[in-house]
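Remarks on the structure that follows.
The values are calculated or read from the model by the stated rules, or taken from the named source; none is laboratory data. Since this is a predicted model, take the numbers as computed values, not measurements. Virtual Cβ from ideal backbone geometry, glycine too; neighbours counted across all protein chains shown.
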Amino acid sequence: MTRRRLLGLAALSGVLSFAACPGIAQTSDFFAGKTMSMTVGYSPGGIYDINARLVARHMVKFIPGAPVMVARNIPGAGGLTQANQLYNVAPRDGTTIGIMGRVAPQMAVLGEQGPQFDPALFNWLGSSSSYSDDAYLLFVRADFGDTTFAQVRKSQKRVNFGAGGPGSSNLSFGNIARDVLGLNLGIVKGYAGAAPIILALQTGELDSTIMGLSSILAGQRDLIESKRIAALVQFGRTTRHPDYPDTPTAREAATSDEDRTLIELAEAPFFMALPFAAPPAVPADRVKILREAFMKAHKDAEFLAESEKLKLDVSPIDGEAVQDLIKRMASTPPAVIERFKQIMNK
């Protein structure tokens, strides 16, 4: 799908999704007796699956007619199999919705081959998480010597940075820290997950990596509490995280408007970390019901209690906010998109 077509469809999406549709009655009883599907693009047990099932259990309480909602896993192609099915195959009557991988809309905007959809034409319901309480922290060992962003960029001392394989977030943002923010990172890739990277940090094989703050607190809290790591820069933030008031955001650290635009494009998936959507062309009155039910579920006391037990971040945004993020991605200048793709493919 060409970028020009994507932008054209983005402009059209408001008409298809939100305009009043003559001839469509307000069918508040449409969902009565229905069995709805919540599709998940990943295998059971992961964060997307857990969150989708939680939303499914509570969202139906706020849909008129008390329908049943059943979760259905459709793994494959990093979540794209489900996203493609939701767009091209799922019934467009409001009975099927799904949670999508957060990078899937970005892949479509970039013109990658896997997505067979225009993200602007989905009827977005919202996202369970907007990353407002989290940060993607690039850090170094406290004994590295230079322990602030300014020091590392000025000294240009080589920093051995650990990352996964192609497509991993830590590799992508390591590339951005090196090629956009100007840090002298010697990127050592191919680590199979966070555990071996942390071990390599502890043995001195590595100096640095990047992880979500929530992930560090959940699995490696001692690194923070014992002050064995120092944060250099925080991605996924428009403002500094309150726990790191002295650590610049990547947008602050950027030295040009073009660099900031690239970083904004790279970070966009964080702000819709757990996005839900209905297929295109669902009747507008049913989309309204689904959107309202989605947001009400995230304020429900039972939902919040379960989320607390599961240690899930609940910082929801609505469907319009997700659509706005996608429109902003799609409006990125082509030269910046091309540069971003080159950096990601290094």
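Observations on the structure shown:
- Unique residue being surrounded by fewer than 19 Cβ atoms within 10 Å (Cβ to Cβ) and out of contact with any Phe, Trp or Tyr (no Cβ under 6 Å at 6 or more places or on another chain) when the list is Asn51, Asn88: Asn88
- Residues of the stretch 226-243 satisfying the condition of being in contact with a Lys or Arg (Cβ under 9 Å, 6 or more places away or on another chain) and part of a loop (DSSP other than H, G, I, E, B): Arg228, Arg237, Thr238
- Candidates Leu185, Leu201, Leu181: the one that is assigned by TED's automatic domain parsing to the domain that holds Leu232 and free of Cβ contacts under 8 Å to residues at least 60 places away in the same chain is Leu185.
- Hey, Glu267 of a type outside the set (A, V, I, L, M), part of a helix (DSSP H, G or I) and under 24 Å from Val314 (Cα atoms) or not: yes
- Flag: Tyr87 does not match the condition of being among the aromatic types (Phe, Trp, Tyr) and part of a loop (DSSP other than H, G, I, E, B).
- Screening the candidates Arg72, Arg92, Arg57 for the property of being closer than 18 Å to Lys34 by Cβ, assigned to a loop (DSSP other than H, G, I, E, B) and among the charged types (D, E, K, R) yields one hit, Arg92.
- Of the residues making up the stretch 4-19, not a single one is closer than 18 Å to Phe294 by Cβ, of a type outside the set (Val, Ile, Thr), at pLDDT 65 or above and out of contact with any helix residue (DSSP H, G or I) (no Cβ under 6 Å at 6 or more places or on another chain).
- Verdict on Asp324 being within 19 Å of Ala108 (Cβ to Cβ) and either surrounded by fewer than 22 Cβ atoms within 10 Å (Cβ to Cβ) or within 19 Å of the chain's Cα centre (by Cα) (or both): yes
- Only residues that are hydroxyl-bearing (Ser, Thr, Tyr) and either under 17 Å from Gln106 (Cβ atoms) or in a helix (DSSP H, G or I) (or both) were counted across the stretch 250-264, and they come to 1.
- Tally of residues being among the acidic types (Asp, Glu) and over 25 Å from Ser214 (Cβ atoms) across the stretch 242-261: 3
- Within the stretch 75-85, the set of residues being crowded, with 19+ Cβ neighbours inside 10 Å and in contact (Cβ under 8 Å) with a residue 40 or more places away in the chain comprises Gln82, Ala83, Gln85.
- Within the stretch 212-222, none of the residues are touching a residue at least 40 places away in the same chain (Cβ under 8 Å) and either within 19 Å of Phe340 (Cβ to Cβ) or more than 22 Å from the chain's Cα centre (by Cα) (or both).
- Hey, Ser256 modelled with pLDDT under 95, among the small types (Gly, Ala, Ser) and not assigned by TED's automatic domain parsing to the domain that holds Met59 or not: no
- Residue within the stretch 281-288 that is more than 16 Å from Met36 (Cβ to Cβ), among the β-branched types (Val, Ile, Thr) and assigned to a loop (DSSP other than H, G, I, E, B) present: no
- Residues satisfying the stated conditions in the stretch 139-162, i.e. buried (at least 20 other Cβ atoms within 10 Å of the Cβ) and either at pLDDT below 95 or of a type in the set (Val, Ile, Thr) (or both): Val140, Val152, Val159
- Qualifying residue in the stretch 275-286 (condition: outside the structural domain of Ser168 (by TED's automatic domain parsing), under 17 Å from Val109 (Cβ atoms) and among the aliphatic types (A, V, I, L, M)): yes
- When the stretch 274-295 is limited to residues that are surrounded by fewer than 22 Cβ atoms within 10 Å (Cβ to Cβ) and within 21 Å of the chain's Cα centre (by Cα), the one that is farthest from Leu121 (Cα to Cα) turns out to be Met295.
- Pairs where the first residue, in the stretch 46-74, is in contact (Cβ under 8 Å) with a residue 24 or more places away in the chain and in the same structural domain as Val287 (by TED's automatic domain parsing) and the second is acidic (Asp, Glu) and surrounded by 18 or more Cβ atoms within 10 Å (Cβ to Cβ), C-beta under 7 Å, 6+ apart: Asn73/Asp49
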